[in-house]
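The next block holds one structure in the form of structure tokens; read it before the comments.
The values are calculated or read from the model by the stated rules, or taken from the named source; none is laboratory data. It should be emphasised that the depicted structure is a prediction, and the values quoted were computed from it without experimental measurement. Heads up, the Cβs are rebuilt from the backbone with ideal geometry, glycines too, and the neighbour counts pull from every protein chain shown. Side chains included, ligands, DNA and RNA excluded: accessible areas come from the protein's heavy atoms. Shrake-Rupley method; radii C 1.70, N 1.55, O 1.52, S 1.80 Å.
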Amino acid sequence: MAEGERQPPPGSSEETPPAAQNFIIPKKEIHTVPDMGKWKRSQAYADYIGFILTLNEGVKGKKLTFEYKVSEAIEKLVALLNTLDRWIDETPPVDQPSRFGNKAYRTWYAKLDEEAENLVATVVPTHLAAAVPEVAVYLKESVGNSTRIDYGTGHEAAFAAFLCCLCKIGVLRVDDQIAIVFKVFNRYLEVMRKLQKTYRMEPAGSQGVWGLDDFQFLPFIWGSSQLIDHPYLEPRHFVDEKAVNENHKDYMFLECILFITEMKTGPFAEHSNQLWNISAVPSWSKVNQGLIRMYKAEAAEAVLISPPFPAEEELSVFHPLTSG
């Protein structure tokens, strides 16, 4: 390929004409534990994990301040997230007896529910407009549950699926992969943290002290990949307040740790025992490998809680971000 030429992801709209693609409105297919077997045997699951692993490799050893290409599609996605952020400011919490689960979140969510397709349409080219209703479902599922006013790794997975769908239809390309994590997903995390703090959202399906984190998982995977072969930061350093304060703007993993320490009180080993144990792992590559295994075994099962992932191959636009 000529320098600068971009190869479309396999199965993208450049390989399959949009008119030949069948778009559907996703519906929840995973209702019980036995359904997880169908999900994990599906092509959609293989594509989803492939997407996660491809991005994991793409950000390996790179700081958030690393220079990378920012395409028009990436800029439009950031603008979409900025809109969600602005709506939080326009929808302040209400006075209520309960400390957690502020009902103003439902007002905020109702606006997204109404405007989701319009927002997605600002990112998706007009010749792919038929995909908008399908892709918009994953955006709506990525911000938490309006009934329970909670958020968890299943909602985070829906946002990853949203990005993967955009890759499948050719909106995002192979050379967008660093920007997908550093520019888009990182901005998504900022907005989700603001939602969590503003509306005091409950963790969805949290395992408490025995879980990795109340709300997120993917930034720990990609964040540990960023730190592989770091010249002086080792896993033991992420429980060091000074090391976190000095380096959190460069690494997603440390930004997650900082947020945890801001939100929780008491000794780190008590409120985040799983992470405390991980700090004893000798290298970031082993941390990364272990987190990937954990994600496959545990976090992906969060789809039982919320996102409408398919049990078989119902997600028509799903495909990993790979070049072959």
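Here Asp150, Asp176 are screened, and the one residue that is of a type outside the set (A, V, I, L, M, F, W, C) and touching a strand residue (DSSP E or B) at 6+ places or on another chain (Cβ under 6 Å) is Asp150. Counting residues in the range 72-87 that are under 29 Å from Ser283 (Cα atoms), open to solvent by 20 Å² or more (accessible area, probe 1.4 Å), hydrophobic (A, V, I, L, M, F, W, C) and in contact (Cβ under 8 Å) with a residue 12 or more places away in the chain gives zero. You will find that of Ile260, Ile228, the residue that is out of contact with any strand residue (DSSP E or B) (no Cβ under 9 Å at 6 or more places or on another chain), in contact (Cβ under 8 Å) with a residue 24 or more places away in the chain, surrounded by 13 or more Cβ atoms within 10 Å (Cβ to Cβ) and not in a helix (DSSP H, G or I) is Ile228 and no other.
Considering only the range 41-61, I want to know if a residue exists there that is touching a Ser or Thr at 6+ places or on another chain (Cβ under 9 Å), at pLDDT 90 or above, surrounded by fewer than 19 Cβ atoms within 10 Å (Cβ to Cβ) and not in a helix (DSSP H, G or I). Yes, because at least one residue in the range 41-61 is touching a Ser or Thr at 6+ places or on another chain (Cβ under 9 Å), at pLDDT 90 or above, surrounded by fewer than 19 Cβ atoms within 10 Å (Cβ to Cβ) and not in a helix (DSSP H, G or I). For the criterion of being open to solvent by less than 30 Å² (accessible area, probe 1.4 Å), basic (Lys, Arg) and under 20 Å from His155 (Cβ atoms), Arg187 fails.
Restricting the range 88-118 to residues that are of a type in the set (S, T, N, Q) and free of Cβ contacts under 8 Å to residues at least 60 places away in the same chain, which is surrounded by the fewest Cβ atoms within 10 Å (Cβ to Cβ)? By that ranking, first place goes to Ser98. Based on this model, can you work out whether Glu270 counts as charged (D, E, K, R), over 24 Å from Val59 (Cβ atoms) and open to solvent by 10 Å² or more (accessible area, probe 1.4 Å)? Against the criterion (charged (D, E, K, R), over 24 Å from Val59 (Cβ atoms) and open to solvent by 10 Å² or more (accessible area, probe 1.4 Å)), Glu270 qualifies. Quick check, is Pro219 within 30 Å of Asn102 (Cα to Cα) and either crowded, with 17+ Cβ neighbours inside 10 Å or under 22 Å from the mean Cα position of the chain (by Cα) (or both)? Against the criterion (within 30 Å of Asn102 (Cα to Cα) and either crowded, with 17+ Cβ neighbours inside 10 Å or under 22 Å from the mean Cα position of the chain (by Cα) (or both)), Pro219 qualifies. Summed over the range 231-240, residues that are aliphatic (A, V, I, L, M) and either assigned to a loop (DSSP other than H, G, I, E, B) or surrounded by fewer than 17 Cβ atoms within 10 Å (Cβ to Cβ) (or both) total 1.
Identify the residue in the range 124-183 that is farther than 30 Å from Lys103 by Cβ and among the basic types (Lys, Arg) and, among all such residues, is most open to solvent (accessible area, probe 1.4 Å). Out of the qualifying residues, it is Lys183. Val70 meets each of the listed conditions (1) more than 20 Å from the chain's Cα centre (by Cα); (2) assigned to a loop (DSSP other than H, G, I, E, B) apart from (1).
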